[in-house]
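Inspection log for the structure reproduced underneath, given as C-alpha cells.
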Amino acid sequence: MSQIGVTGLAVMGANLARNIARNGVPIAVHNRTASKTKDFMDEFSGEGDFTGTETLQEFVEALERPRRIIVMVKAGAPVDGVIADLEPLLDKDDIIIDAGNSHYVDTRRREEELTAKGLRFIGSGVSGGEEGALNGPSIMPGGPREAYGEVEEIFTTIAAQVDGSPCCAYIGPDGAGHYVKMVHNGIEYADMQLIAEAYDLLRHGIGLDVPAIKAIFDDWNRGDLESFLIEITATVLDKVDAETGKPLIDVIVDQAEQKGTGRWTAQDALELGVPLTGITEAVFARSLSALRDQRRDASGVLAGPKPGGLPESLVDDIRAALYASKVVAYAQGFEQMAAAAKTYNWDLKMGELAKIWRGGCIIRARFLNRITESYDAHPDLVNLLMAPYFQDAVASAQDAWRKVIVSAVEQGVAVPAFSSSLAYYDGYRRERGPANLIQGQRDFFGAHTYRRVDKDGSFHTRWSQDGTEVRTD
Ligand code: NBP
C-alpha cells in the first residue's frame, strides 16, 4: 500500500511526488489525463516506490487508511472538481491536502465543508517552484492541528532544510497556510519590483551596460542583500541571446504577467485596512507594464526631464535604498499577517514564518534570519521597523535612500516601490501627520465629526451656521 498519494502530475505535482518517493515513502500517483500518469511512470518510476493509477477509484484503493491525498491541480474550480470527485470514494478521517496556490477564502470554505462531512482538509502553501518541489520546498500547512500531525513526518522530510531545521511548520487552522503563502507571494512581487527599479536606475539612470550591472548584483549578493532573487537576477543578466548575440534581457518584452496572488494580497490588505504600499505598488507596476502600446505612444509625446545621467557613485546608495525598501516591504507583509491573525483568530508565529522562508522558496534570503531573531527577541513586536536591528539598518540607509529617490525623480526614472516605501517610513515615524486636516474637511462637507487631542468625545463644528462646536456623542 502507498502511504500517500498525489493527484495532478503537472510540473509541481510530479516533482513533489518524486521528492516524496526519493525520501523512501511509497506513493500512489494519478492525473486526470491518464496518459500523463503513464508518461510519468515511464520516466520516473525507477526513482522510488510508485504506484501509477488510471482512475480515482484505483488511486484511493492504493492508499493506506486514513488516506492522505495531495491535490496539486490548477487553483480555483479544478480543486473543487477534484474534491467533489474524491469525496464519495473516501472514508471518515481521510485527509485531503490542497497544495496548490488556492485563495485562502476558498480554503476556509473547503475546510468547513469537508469537516462537516467527516473528512479532514489541509490547505498548504508550497513555495519554490518546480525546483523547490523536487529538491525541497518551503511548506506552509494550515488546517486541523491533529491532521497535520499525520503528514508532519513526510512534510518535514521533503521540505528544504536550513541549519538542520525543516522549512515547514504548522501555520494555523483553516486558511492560515494559504494566507501566509499568499503574503509570501506578495512579498515576492515587492522584492522583484524593487530589484527591477534598482536595475532601471543602474541601466537608464547611470547608463551602465548589462555585464557591469550583472557584476554589481553578484557583488550585492555577497552582502546583506544575499538572496535567491538577487542571485538569479545576476544569472538572468548574464545570459546572451543565441539568436541576436545581445543580452537576453534586451530582447525580453517589458510586460510583466501575473497569476493573481499579488493582487489577492493587495485586495486583502485593503479589506483589512493595512497600508501595504510596497506590494500594492508592485502589482500596479505590473499593470502599467502591461500597457505596452500606450507606453510606446506616450514615449514620443509626453515630456520628461532633460537627460542628464546619474553619477556612478550612486551605485552603493542604490544598494542601500534597495535594502531599506525591502525592509519596509517585509514589515508591511508581516503587519498584514498580524492583522489577519487577529481577524481570523490564528496564532501566527511570526519568527517561525521567517524561519521557514529561509530555504526552498523564492524569497529565501540571508535577512530572514534577522527577522526571526527580531521576533524571537521581541515576540510582541508591532512592526518590524521597530526592531532594534531594523531601526539601525534603516537609519544608516536613509540618507542614501532619500538621495536615490530624489535623483530618480530628477532623472524621470519611475521608482514607485522605492518611493512608496520611503513615504510609508516617513508617514509611520510621524507622531502627528496631516490627517487632522482630512477630518476637518470630512466634518465640513459631511458632518462626519472629529475627535480632539485635548479631550474625549466626538465633535462637530457648525461650519455653515454659527461656527460653534458641538459635542455629538
Ligand atoms: P497547473 O496549475 O498548470 O495545473 C495542471 C494540472 O491540473 C494538471 O495535472 C491538470 O490535469 C490538472 N487539472 C486541471 Br488544469 N483541471 C482539472 C480538473 N478539472 N480536474 C482534475 N485535474 C485538473 O500545474 P502546476 O504548474 O504544476 O501547478 C499546480 C499548483 O501549484 C497550482 O495551484 C499552482 O498555482 C501551484 N504552484 C505552482 C508553482 C509553479 O512554479 N508552477 C509554484 C508554486 C505553486 P490534466 O493533465 O488532465 O490537464
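Data for the structure
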read-out: Failed item, numbered, when Pro141 is tested on (1) open to solvent by 10 Å² or more (accessible area, probe 1.4 Å); (2) more than 11 Å from the ligand (Cβ to nearest atom); (3) not aromatic (Phe, Trp, Tyr); (4) not in a loop (DSSP other than H, G, I, E, B); value: (1)
read-out: Subset of region 237-254 [part of a helix (DSSP H, G or I) and surrounded by fewer than 15 Cβ atoms within 10 Å (Cβ to Cβ)]; value: Asp250, Val251
read-out: Set Glu64, Glu43: member being open to solvent by 50 Å² or more (accessible area, probe 1.4 Å), closer than 15 Å to Leu89 by Cα and not basic (Lys, Arg); value: Glu64
read-out: Filtered residues of region 258-279 (kept if open to solvent by 30 Å² or more (accessible area, probe 1.4 Å) and assigned to a helix (DSSP H, G or I)); value: Arg263, Trp264, Gln267, Leu270, Glu271, Leu272, Thr277
read-out: Meets criteria (over 30 Å from Glu54 (Cβ atoms), within 16 Å of the ligand (Cβ to nearest atom), at pLDDT 95 or above and surrounded by 24 or more Cβ atoms within 10 Å (Cβ to Cβ)) for Gly123; value: no
read-out: Residues within region 143-165 that are out of contact with any Lys or Arg (no Cβ under 9 Å at 6 or more places or on another chain) and at pLDDT 95 or above, tallied; value: 10
read-out: Inter-residue pairs, beta-carbon under 8 Å, first open to solvent by 90 Å² or more (accessible area, probe 1.4 Å) and in region 282-302, second modelled with pLDDT of 95 or more and in a loop (DSSP other than H, G, I, E, B), 6+ apart; value: Arg292/Val253; Arg292/Asp254; Arg292/Gln255
read-out: Of all residues in region 100-118 being more than 18 Å from the chain's Cα centre (by Cα) and not in a helix (DSSP H, G or I), the one that is nearest to the ligand (Cβ to nearest atom); value: Lys117
read-out: Out of Ser124, Ser138, Ser102, sole residue that is small (Gly, Ala, Ser) and touching a Ser or Thr at 6+ places or on another chain (Cβ under 8 Å); value: Ser138
read-out: Qualifying residue in region 105-113 (condition: surrounded by fewer than 23 Cβ atoms within 10 Å (Cβ to Cβ), farther than 22 Å from Tyr344 by Cα and basic (Lys, Arg)); value: no
read-out: Qualifying residues in region 146-182 (those that are among the β-branched types (Val, Ile, Thr) and outside any helix (DSSP H, G or I)) - the one surrounded by the fewest Cβ atoms within 10 Å (Cβ to Cβ); value: Val162
read-out: Residue list for region 69-84, restricted to those being open to solvent by 60 Å² or more (accessible area, probe 1.4 Å) and closer than 14 Å to Thr33 by Cβ; value: Lys74
read-out: Search result, residues across region 306-338 that are under 18 Å from Ala266 (Cβ atoms) and open to solvent by 40 Å² or more (accessible area, probe 1.4 Å); value: Glu335, Ala338
read-out: In region 204-215, the residues that are touching a residue at least 60 places away in the same chain (Cβ under 8 Å) and either open to solvent by 10 Å² or more (accessible area, probe 1.4 Å) or outside any helix (DSSP H, G or I) (or both); value: His204, Ile206, Gly207, Leu208
read-out: Where Pro88 falls short, out of the listed (1) open to solvent by 60 Å² or more (accessible area, probe 1.4 Å); (2) within 10 Å of the ligand (Cβ to nearest atom); value: (2)
read-out: Of the criteria (1) more than 30 Å from Ser127 (Cα to Cα); (2) surrounded by 13 or more Cβ atoms within 10 Å (Cβ to Cβ), which one Cys361 fails; value: (1)
read-out: Among (1) open to solvent by 40 Å² or more (accessible area, probe 1.4 Å); (2) part of a helix (DSSP H, G or I), the one test that Arg432 misses; value: (2)
read-out: For Asn383: the one exception among (1) within 30 Å of Leu310 (Cα to Cα); (2) in contact (Cβ under 8 Å) with a residue 12 or more places away in the chain; (3) of a type in the set (S, T, N, Q); value: (1)
read-out: Residue that is farthest from the ligand (Cβ to nearest atom), among those in region 1-36 that are over 19 Å from Thr157 (Cβ atoms) and buried (at least 24 other Cβ atoms within 10 Å of the Cβ); value: His30
read-out: Single residue of Gly81, Gly128 found to be among the small types (Gly, Ala, Ser), within 8 Å of the ligand (Cβ to nearest atom) and over 21 Å from the mean Cα position of the chain (by Cα); value: Gly81
read-out: Residue check, Asp454 outside any helix (DSSP H, G or I), open to solvent by 90 Å² or more (accessible area, probe 1.4 Å) and not hydrophobic (A, V, I, L, M, F, W, C); value: yes
read-out: Lone qualifier among Leu229, Leu201, Leu194 - being buried (at least 21 other Cβ atoms within 10 Å of the Cβ) and under 24 Å from Cys361 (Cα atoms); value: Leu194
read-out: Qualifying residue in region 378-394 (condition: over 18 Å from the mean Cα position of the chain (by Cα), among the charged types (D, E, K, R) and farther than 30 Å from Glu131 by Cα); value: yes
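The values are calculated or read from the model by the stated rules, or taken from the named source; none is laboratory data. Note that the coordinates shown come from a computational prediction; the quantities given were computed from them, not determined experimentally. Reconstructed Cβ throughout: ideal geometry from the backbone, glycine too, with neighbour counts over all protein chains shown. Just the protein is used for accessible areas: all its heavy atoms, side chains included, with ligands, DNA and RNA removed. Shrake-Rupley method; radii C 1.70, N 1.55, O 1.52, S 1.80 Å.
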